[in-house]
Amino acid sequence: MKKTMRAIVLVMACLLMLTAFVSCGRSADSVKDKAEKEYLIFHYLDKFRTTLFRQTQFAEFEHEAHRLLENGQAVTMESLNKLYFDINAKYYGPGLFYDQAIEYEWMRIPHFYTSFYVYKYATCISAASAIVHRIENEGEAYIKQYLAFLSCGGRISPLDSLKVAGIDMADPSVVDAAISDFKEAIEMFKALY
């Protein structure tokens, strides 16, 4: 049952991400109204920020917190606060002002109370990005493969389901392409100003 639910969640997340790509990022080119274009591009960017970037940041925090335990170190509120603050600073860089209170944010994030699933968000947006590119480049021929992916349901693992779609998550180019889409969207947004 758990395997089936994981597969269904992956398929649904990919569909949601695919919808966001098609409705926001890709359609912004055809919109003439500047305010609407700004909204679409910003929404598209925010999907990347919250799904690819931030969930990867969360996964690193979770991984490092568990590593503290594995290494026999005391895991206290103070040590987790410091870890979270340091990872936040690493991800956002030196050009950003950090309110010290950000160190407490990890406590309010419910994802951390169910171990090791936040990476799936980054996986899904990366896979959705790859699927969109395949549909754009290959058209109807790829749509048949995409429908075969959807028909997998929970019969096979999520990673094997994505392979049916021609997406191999072990290939770094899948995530690299999603990051390139994010950069492209940033440039689209900058071009408006």
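Just so it is clear, none of the values below were taken in a lab; they were calculated from the coordinates. Quick caveat, the model's predicted, so the values are computed rather than measured. Heads up, the Cβs are rebuilt from the backbone with ideal geometry, glycines too, and the neighbour counts pull from every protein chain shown.
Here is how the numbers come out for the structure above:
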item	result
Net dipole in debye of segment 48-193 [+1 Lys, Arg Cβ; -1 Asp, Glu Cβ; about Cα centre; nearest 20]	260 debye
Cα→Cβ-extended label distance, 7 Å offset, between residue 183 and residue 97, nm	3.0 nm
Cα-based reach from residue 82 at 12 Å (exclusive), listing aspartates and glutamates while leaving out same-chain residues under 8 positions away	64, 103, 105
Added length on full extension, which subtracts the Cα-Cα distance from 0.36 nm per residue, residue 60 to residue 89	9.2 nm
Over 26 Å between alpha carbons, listed pairs 32/183; 32/190; 120/190; 34/120; 47/163; 34/183	120/190; 34/120
Reach of residue 37 by Cα under 15 Å, taken over aspartates and glutamates that are not fewer than 8 positions away in the same chain	29, 46, 184, 187
Förster-model FRET efficiency, 35 Å R0, residue 171 and residue 69, C-beta, rounded to 0.05	0.65
